[in-house]
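The structure appears below as structure tokens.
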Amino acid sequence: MSTQEDLLKLDNQVCFPLYALSREITNHYRPFLDELDLSYPQYLVMMLLWEYKKLSVSGICDKLMLDTGTLTPLLKRMEAKGLVLRQRNSSDERVVTITLSDKGKALKKAASAIPDKMIEAMGLSMEELLHLKQITTKILNKTTQQ
């Protein structure tokens, strides 16, 4: 039986290993993304655009669980690199649509090797990775529904 004091020990926390793991995984991505001149959040945006082709800023915010104050400067940097195009909706100036530039589309081929490199770097089986994803997604869905 744990005491109230035991609950405050770092070794007894569930959130700390998740936090540390998130940082470690992001650090493993860094050398692969440096080759593409992308940060991890930029890579996430690129993956969404490779999949959906065109998204509003609010759509990207929703999918990445980011606020516009975080995403807007990131998108401006991506536009300056020539990776994406930002366009205001002519019928509603508040809506900004993001699409890939030709350079952004071409980057997909170079990025296609990253998932396999990450699987190798993690040193886990595909089954273990899928199980980890399932558990973290379950927790994330429960916490974001509150």
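The values are calculated or read from the model by the stated rules, or taken from the named source; none is laboratory data. Fair warning: this is a prediction, and the values are worked out from it, not measured in the lab. Heads up, the Cβs are rebuilt from the backbone with ideal geometry, glycines too, and the neighbour counts pull from every protein chain shown.
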- request: Residue by residue through the stretch 97-130, note down the ones that are under 12 Å from Met46 (Cα atoms), surrounded by 13 or more Cβ atoms within 10 Å (Cβ to Cβ) and aliphatic (A, V, I, L, M).
  value: Ile98, Leu100, Leu107, Ala111
task: Could you list, in sequence order, all residues of the stretch 47-62 that are under 18 Å from Ala106 (Cβ atoms) and in a helix (DSSP H, G or I)?
output: Met47, Leu48, Leu49, Trp50, Glu51, Tyr52
query: For the stretch 71-90, does any single residue satisfy the condition of being closer than 20 Å to Asn27 by Cα and either among the β-branched types (Val, Ile, Thr) or touching an Asp or Glu at 6+ places or on another chain (Cβ under 6 Å) (or both)?
result: no
message: If the requirement is being exposed (fewer than 12 other Cβ atoms within 10 Å of the Cβ) and outside any helix (DSSP H, G or I), which of these qualifies: Arg86, Arg94?
response: Arg94
field: Subset of the stretch 96-146 [in contact with a Phe, Trp or Tyr (Cβ under 9 Å, 6 or more places away or on another chain) and among the aliphatic types (A, V, I, L, M)]
entry: Leu100, Leu107, Ala111, Ala113, Ile114, Met118, Ala121
- prompt: Is there any pair linking a residue in the stretch 131-142 that is surrounded by 10 or more Cβ atoms within 10 Å (Cβ to Cβ) to one that is assigned to a helix (DSSP H, G or I), with Cβ under 8 Å and at least six apart or on different chains, and which?
  reply: Thr136/Leu18
query: Any idea which of Leu44, Leu71, Leu38, Leu124 is under 17 Å from the mean Cα position of the chain (by Cα), closer than 30 Å to Cys15 by Cβ and not in a helix (DSSP H, G or I)?
result: Leu38
- prompt: What single numbered condition from (1) farther than 17 Å from Lys108 by Cβ; (2) out of contact with any helix residue (DSSP H, G or I) (no Cβ under 8 Å at 6 or more places or on another chain) fails to hold for Thr26?
  reply: (2)
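When residues of the stretch 50-62 are filtered for being of a type outside the set (Gly, Ala, Ser), surrounded by 15 or more Cβ atoms within 10 Å (Cβ to Cβ) and without any contact (Cβ under 8 Å) to a residue 12 or more places away in the chain, how many remain?
Quick first cut of the stretch 50-62, residues of a type outside the set (Gly, Ala, Ser) only: 50-55, 57, 60-62.
Filter once more, keeping what is surrounded by 15 or more Cβ atoms within 10 Å (Cβ to Cβ): 50, 55, 57, 60-61.
Pick out the ones that are also without any contact (Cβ under 8 Å) to a residue 12 or more places away in the chain and you get 61.
Going through the stretch 50-62 one residue at a time, the tally reaches 1.
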field: Unique match (being among the acidic types (Asp, Glu) and in contact with a Leu (Cβ under 8 Å, 6 or more places away or on another chain)) among Glu79, Glu128, Glu120
entry: Glu79
field: Search result, residues across the stretch 89-126 that are at pLDDT below 95 and either of a type in the set (Val, Ile, Thr) or farther than 23 Å from Leu33 by Cα (or both)
entry: Asn89, Ser90, Ser91, Asp92, Glu93, Arg94, Val95, Val96, Ile119
Residue match in the stretch 33-49 (condition: in contact (Cβ under 8 Å) with a residue 40 or more places away in the chain, out of contact with any strand residue (DSSP E or B) (no Cβ under 8 Å at 6 or more places or on another chain), surrounded by 14 or more Cβ atoms within 10 Å (Cβ to Cβ) and of a type in the set (S, T, N, Q)): yes
